[in-house]
Structures are given as structure tokens and as C-alpha cells.
Amino acid sequence: MATYGLLIDYEYCTNCGSCQVSCKEEHNYPVGKTGIHVFSDGPWYMDDDNINYNHWPLVTDLCDLCAERTGRGKEPICVHHCLANIISYGTVEELAPKLAAKPKQFLVVPEYLPREAKGEFVSKGTRDHKAAHIEVQGTGSSTFGAHRADAKVGEYTEDAV
């Protein structure tokens, strides 16, 4: 059986929201819930000439790839209504070569309601690892720092933080 997914070319996403609105309307989701949501990062300057400003339409655990629509031979509603034409639907085998041909894309295979499909999450880790208990008394000010694991104590490097 073929595995289906969405190829999302986020280079040209304009954050219009048509994928979110159409999904919400198609499935009659209540306020605050949708099968796809557009996240934004930016704008911020990467350097003097380049600005980072990306939008990513990401599927949620409510996405079933419009099973009723695709069962009738139609494409998912988010694909149908994407104004920038950046969302493609198909088998992973069809979409993977397109993914390899261009950067700023990702391929997603949603899992509808994973808790219902797989059950509750059960940790498979060992119980030997225990977290340290630390009590902290407030001083009214705080300082945080992060250092690379290979940095020597007291040594500062530009990329250490």
C-alpha cells in the first residue's frame, strides 16, 4: 500500500492562511483547531543584505489528508486552496524526487490522531538515570550562559554562546 504525504515548498509561502481556513471550514473544526497551521519566523536580518522571513505550513495531528476527499479522487482541501500553489499531494515515491531537486521544501506524512492510532506514549528509557534535585534561592538578578562541551572552563569563544 502506498504512503501519501504533502510536499511543502515554503520558499514561496505568503502566509495568506487559505490552507488553514479551508481546512477548518471543510472539517468544521472549532475555534483554535485546524489540520494545518502556518508558522512564521522573521523578519530579522541575517546580515546587511539578507533578511530571514519564512512561513511554514505545518500539519497538525488533526490532519487525515482529507481522507474523504482523497477517497473520491480529489486532492486535500489545503492543496486545492493554496493561493501560492506551494503544497503538493501524492505518494512519498512521487514527491521524494521533487524534494531532492529543490531546497526550502519539506515532505510530511501526517499521522491522524496518533494517540488513538498508537495508544499513550510509554517511555522505553531505563530507570537508572535520575535527575539531580537543585534548590535555588532567588537573588533578584540572574545570568545565564551556555558553553560548548569542548570549551575549557573560563575560556570564552565567539561560538561558545
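The values are calculated or read from the model by the stated rules, or taken from the named source; none is laboratory data. As the structure is a computational prediction, the values presented were derived from the model and not from experiment. Here the Cβ is made from the backbone with ideal geometry for all residues, glycine too, and neighbour counts use every protein chain on show. With ligands, DNA and RNA removed, areas are computed over all heavy atoms of the protein, side chains included. Shrake-Rupley method; radii C 1.70, N 1.55, O 1.52, S 1.80 Å.
The table below lists the values:
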{"quantity": "Selection status of Ser40, at pLDDT 95 or above and at negative phi", "calculated": "no"}
{"quantity": "Number of the condition not met by Lys98 [criteria: (1) charged (D, E, K, R); (2) in contact with a Leu (Cβ under 8 Å, 6 or more places away or on another chain); (3) assigned to a loop (DSSP other than H, G, I, E, B)]", "calculated": "(3)"}
{"quantity": "Strands (runs of 3 or more DSSP E) wholly inside segment 1-87 that include at least 2 residues being free of Cβ contacts under 8 Å to residues at least 60 places away in the same chain", "calculated": "36-45, 51-59"}
{"quantity": "Selected residue (criterion: most open to solvent (accessible area, probe 1.4 Å)) from residues of segment 52-109 that are farther than 18 Å from Phe39 by Cβ and of a type in the set (Val, Ile, Thr)", "calculated": "Val109"}
{"quantity": "Ile8 farther than 13 Å from His81 by Cβ and modelled with pLDDT of 95 or more", "calculated": "yes"}
